[in-house]
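J.: Structure below; questions to follow.
The values are calculated or read from the model by the stated rules, or taken from the named source; none is laboratory data. Here the structure is a predicted model, which means the values were calculated and not measured. Please note: Cβ atoms are built from the backbone with ideal geometry, for glycine as well, and neighbour counts cover all protein chains shown. Quick note on the areas: whole protein, heavy atoms, side chains included, nothing else; ligands and nucleic acids left out. Shrake-Rupley method; radii C 1.70, N 1.55, O 1.52, S 1.80 Å.
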Amino acid sequence: MANRFAVVTGAGSGVGRAVATALLQNGYSVALAGRRQDALEETARLAGGSSLVVPTDVSKPDEVQALFARVAAEFGRLDVLFNNAGTGSPATNFGDVTFEQWSAVIDVNIHGMFLCANAAFRMMRDQSPRGGRIINNGSLSAHVPRPGSAPCTTSKHAVTGLTKCIGLDGRAF
């Protein structure tokens, strides 16, 4: 089987670690992205396979650009983006949510999701052969909000809309 290449954000723990491990165990070379280098290295060690550890804060455009530049340089192409990095905030009544709490969630869950999907989309569109898969991992919060979860719930609704738009704009690729 020809080698396939993936990027997993939030690869240092939880769902991201599980997905990265599954991809690595199924023959993918995987760029492990996340904020904590030690956690990414642990994922690489536990998963085995061919991984590239790239500490990345997805809310920072320059770090996302560097991630995808490194993927292009090391792998030469991208077949899958598992766009998983996300954060939440403590349960807070909407009237008490601070702008700082709101922004911290929106910066990662929407801006980070956009930055990674946008970079992957361009790479997949422009590579030869063309194409790939972008999987934006949302949350049940997009369908069933909980009390005190306005920042997270709002961001997960946005992920659903972003994913639908990417699908429409990416059909030709």
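J.: Inside segment 116-148, can you point out the residues that are out of contact with any Leu (no Cβ under 9 Å at 6 or more places or on another chain) and under 24 Å from GLY76 (Cβ atoms)?
T.: ASN118, ARG122, ARG125, ASP126, SER128, PRO129, ARG130, GLY131
J.: Looking at segment 93-104, can you tell me whether even one residue there is touching a residue at least 40 places away in the same chain (Cβ under 8 Å), open to solvent by 40 Å² or more (accessible area, probe 1.4 Å), within 29 Å of PRO147 (Cβ to Cβ) and not in a helix (DSSP H, G or I)?
T.: Looking through segment 93-104, at least one residue is touching a residue at least 40 places away in the same chain (Cβ under 8 Å), open to solvent by 40 Å² or more (accessible area, probe 1.4 Å), within 29 Å of PRO147 (Cβ to Cβ) and not in a helix (DSSP H, G or I).
Every residue, every condition in (1) part of a strand (DSSP E or B); (2) free of Cβ contacts under 8 Å to residues at least 24 places away in the same chain; (3) touching a Phe, Trp or Tyr at 6+ places or on another chain (Cβ under 7 Å); (4) over 26 Å from ALA39 (Cβ atoms), yes or no:
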site	(1), (2), (3), (4)
VAL54	yes, yes, no, no
GLU74	no, no, no, no
GLY148	no, no, no, yes
LYS156	no, no, no, no
ILE166	no, no, yes, yes
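J.: Can you work out which of the residues in segment 68-121 that are more than 18 Å from the chain's Cα centre (by Cα) and charged (D, E, K, R) is farthest from LEU40 (Cα to Cα)?
T.: ASP96
J.: Turning to a different aspect of this structure: Specify which of the listed residues (ALA44, ALA33) is at pLDDT 95 or above and open to solvent by less than 10 Å² (accessible area, probe 1.4 Å).
T.: Exactly one of ALA44, ALA33 is at pLDDT 95 or above and open to solvent by less than 10 Å² (accessible area, probe 1.4 Å), namely ALA33.
J.: Would you mind stating whether ASP38 is acidic (Asp, Glu), open to solvent by 10 Å² or more (accessible area, probe 1.4 Å) and under 22 Å from THR153 (Cα atoms)?
T.: So ASP38 does not fit the description; no.
J.: Still on this structure: Mind listing whichever residues of segment 137-146 are open to solvent by 100 Å² or more (accessible area, probe 1.4 Å) and without any contact (Cβ under 8 Å) to a residue 24 or more places away in the chain?
T.: Selection gives LEU140, HIS143.
J.: Let me ask something else about it. Taking VAL80 as meeting all but one of (1) in contact (Cβ under 8 Å) with a residue 60 or more places away in the chain; (2) surrounded by 21 or more Cβ atoms within 10 Å (Cβ to Cβ); (3) among the hydrophobic types (A, V, I, L, M, F, W, C), write down the number of the exception.
T.: It fails just one condition, (2).
J.: A follow-up question, please. Quick test of your reading of the structure: GLN65 fulfils all but one of (1) over 15 Å from the mean Cα position of the chain (by Cα); (2) surrounded by fewer than 14 Cβ atoms within 10 Å (Cβ to Cβ); (3) modelled with pLDDT of 95 or more. Name the failing condition by number.
T.: Of everything listed in (1) over 15 Å from the mean Cα position of the chain (by Cα); (2) surrounded by fewer than 14 Cβ atoms within 10 Å (Cβ to Cβ); (3) modelled with pLDDT of 95 or more, GLN65 misses just condition (1).
J.: If the requirement is being open to solvent by 30 Å² or more (accessible area, probe 1.4 Å), in contact (Cβ under 8 Å) with a residue 24 or more places away in the chain and farther than 19 Å from PHE5 by Cα, which of these qualifies: ILE110, ILE134?
T.: Within the list ILE110, ILE134, the selection yields ILE110.
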